[in-house]
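Trainee: Sharing a structure below in structure tokens format, with a few things to ask.
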Amino acid sequence: MIKIITIIGARPQIIKAAALSRAIKNKFSKEIEEVIVHTGQHYDANMSGVFFDELQIPQPNYNLNVGSASHAKQTAIMLTGIEDILVKEKPQAIVLYGDTNSTLAGAIAAAKIHVPIAHIEAGLRSFNKAMPEEINRITCDHCSTFLFSPTKAGYDNLVKEGFKTDTKTPYTINNPKIYHCGDVMYDNSLYYASIVEQKSRVLEKYNLQQGNFILATIHRDNNTDIPERLNALFSALFEIHNKNKTSVILPLHPRTKKCVNEYLDKSLLEKISLSKQFIICEPLPFLDMIMLEKNCLLVMTDSGGVQKEAFYFEKPCVILRPETEWVELLACGAAVLVDADKEKVVTAYNTFSTSKQSFPKLFGDGHAAEFICSELVKNLA
């Protein structure tokens, strides 16, 4: 039996980890022991804690309780804690997800003491190194032994950066193995989509009509912390809502909530607060988000994960960023980049709400987590 340490810290990582934990429980329980470390990067109960119960994820074996801090302080505290756990547990590998500070800390801690790294969501690139996430994902990829890319574009990015396609075992940090394996989030969306209809009552709670509301999320700091951008996005959403009588539901990240109260034009905030169908709510459980994604008209988001989930449920996506890692969504016409440009947001809504989009199969067969487990067992046992 091999032992792996799974590092999670942010809400999307907790969701992604559910797919791997489920695969281990159902098919690899005699071959893989999973030790879960929660860094505490997201410490709000609505942002992380409730997910463990809702998604039936095993409770963390360790919680570093890092909480909010600057990038450097947060990463430094995680580095110390993760290294201590790796030394104590002596795993055959550490599993890292995505591109957060938890990912970065896990990569550096493991690489320094020669613990093999399996990076899930390897190869994704925005080609914007001003984004902290871009630095994190590049660093993690180049510290990893096993790189699991969810898309062909991600795999191709790794090849362009010098990763070889024909490496032979044994795989190491100097002789890594790259895979195009499909997306664990697609695994999850297929799995949970079958149960949300029975478990979620979010449509009834907010009086939302199927196919007549926009699901929006805004959380990235270059949107929340720059008043001009924040006002442009909220102004666009309100104009669309007001002119088209289309409901908007916006689950608000804690940082965004603080910035809205601080930076948003007071008259605009008052108009939004007076509208019963411009709904600003607390962060929602994952199953409620799945229910909204399945039933909305379209999605507007700066979240990478929500972009993909919109695609899984064949909903067009207006991306509130100047670039995206999921270039396949743009190529097939299922999504459009609008940055924080009010006119582009409104135009994208008008286009998507009156036309049909194509949603080809891009993210695997729904068994990415099982494939990842089998490769780890084959190469580490």
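Trainee: Please work out whether the stretch 68-131 counts as rounded, prolate or oblate from its C-alpha gyration tensor, where a ≥ b ≥ c are the square roots of the eigenvalues and a/c under 1.5 means rounded, while otherwise a/b larger than b/c means prolate and anything else oblate? Walk me through the intermediate numbers first.
Mentor: Values: a/c = 2.68, a/b = 1.30, b/c = 2.06.
Here the stretch 68-131 falls in the oblate category.
Trainee: What residues qualify as long-range amide H neighbours of Thr39, i.e. H under 5 Å apart, gap of 5 or more or another chain, H built at 1.01 Å from N?
Mentor: Result for Thr39 returns Ile8, Gly9, Leu64.
Trainee: Calculate one ³J(HN,Hα) per residue across the stretch 163-174 by plugging θ = phi - 60° into the Karplus curve 6.51 cos²θ - 1.76 cosθ + 1.60, and present them in order as whole Hz with x for glycine and proline.
Mentor: 5, 8, 8, 10, 5, 10, 5, x, 8, 9, 4, 8
Trainee: A further question on this structure: Quick query: amide H of Ser247 versus all other amide H atoms, modeled in the peptide plane; which residues come in under 5 Å with a sequence gap of 5 or more or a different chain?
Mentor: For Ser247, whose amide H was placed from the backbone, the distant partners under 5 Å are Ile214.
Trainee: How long are the semi-axes of the equivalent ellipsoid of the stretch 195-352, taking √(5λ) for every eigenvalue λ of the Cα gyration tensor, in whole Å from largest down?
Mentor: Details: eigenvalues 90, 75, 44 Å².
Those come to 21, 19, 15 Å.
Trainee: What does the convex hull of the alpha-carbon atoms of the stretch 146-206 project to on average, in nm²?
Mentor: Working: hull surface 26.2 nm².
Mean shadow area of the hull around the Cα atoms is 6.6 nm².
Trainee: Separate question: Quick one: 3J(HN,Hα) in Hz for the stretch 293-308, Karplus 6.51/-1.76/1.60 with θ = phi - 60°, rounded, Gly and Pro as x.
Mentor: Values, residue by residue: 5, 5, 10, 6, 7, 7, 10, 10, 7, 10, 8, x, x, 5, 4, 5 Hz.
Trainee: Angle, helix 11-27 long axis vs. longest principal axis of the chain, Cα atoms, 0 to 90°, nearest 10?
Mentor: 50 degrees
Trainee: Tell me the angle of helix 342-352 to the major Cα principal axis of the chain, expressed in degrees between 0 and 90 and rounded to the nearest ten.
Mentor: With both axes taken from Cα atoms, the answer is about 90 degrees.
Trainee: Can I ask one more? Skipping prolines and chain starts, which residues have an amide H placed within reach, meaning under 5 Å, of the one on Cys281, given they are 5 or more residues away or on another chain?
Mentor: Placed amide hydrogens put Leu250, Leu252 under 5 Å from Cys281.
Trainee: Could you work out the relative contact order of the stretch 11-122, using alpha carbon pairs under 8 angstrom and six or more residues apart, expressed as a whole percent?
Mentor: Details: 133 pairs, mean separation 26.1, N = 112.
This gives 23 percent for the stretch 11-122.
Trainee: Assign unit charges at the C-beta atoms only (+1 for Lys and Arg, -1 for Asp and Glu), then state the dipole size of the stretch 195-352 relative to its Cα centre in Debye, rounded to the nearest 20. Don't skip to the answer; put the middle values down first.
Mentor: On the way: 19 positive and 21 negative charges, 105 e Å.
Charge dipole of the stretch 195-352: 500 debye, to the nearest 20.
Trainee: List, in order, the whole-Hz ³J(HN,Hα) value for each residue of the stretch 184-189 obtained from phi through the Karplus relation with A = 6.51, B = -1.76, C = 1.60 and θ = phi - 60°; use x for Gly and Pro.
Mentor: Result, rounded to whole Hz: 5, 5, 5, 3, 5, 4.
Coordinate-derived values only; no laboratory data. What you are looking at is a predicted structure, and each value in this text was computed from that prediction instead of being measured. Please note: Cβ atoms are built from the backbone with ideal geometry, for glycine as well, and neighbour counts cover all protein chains shown.
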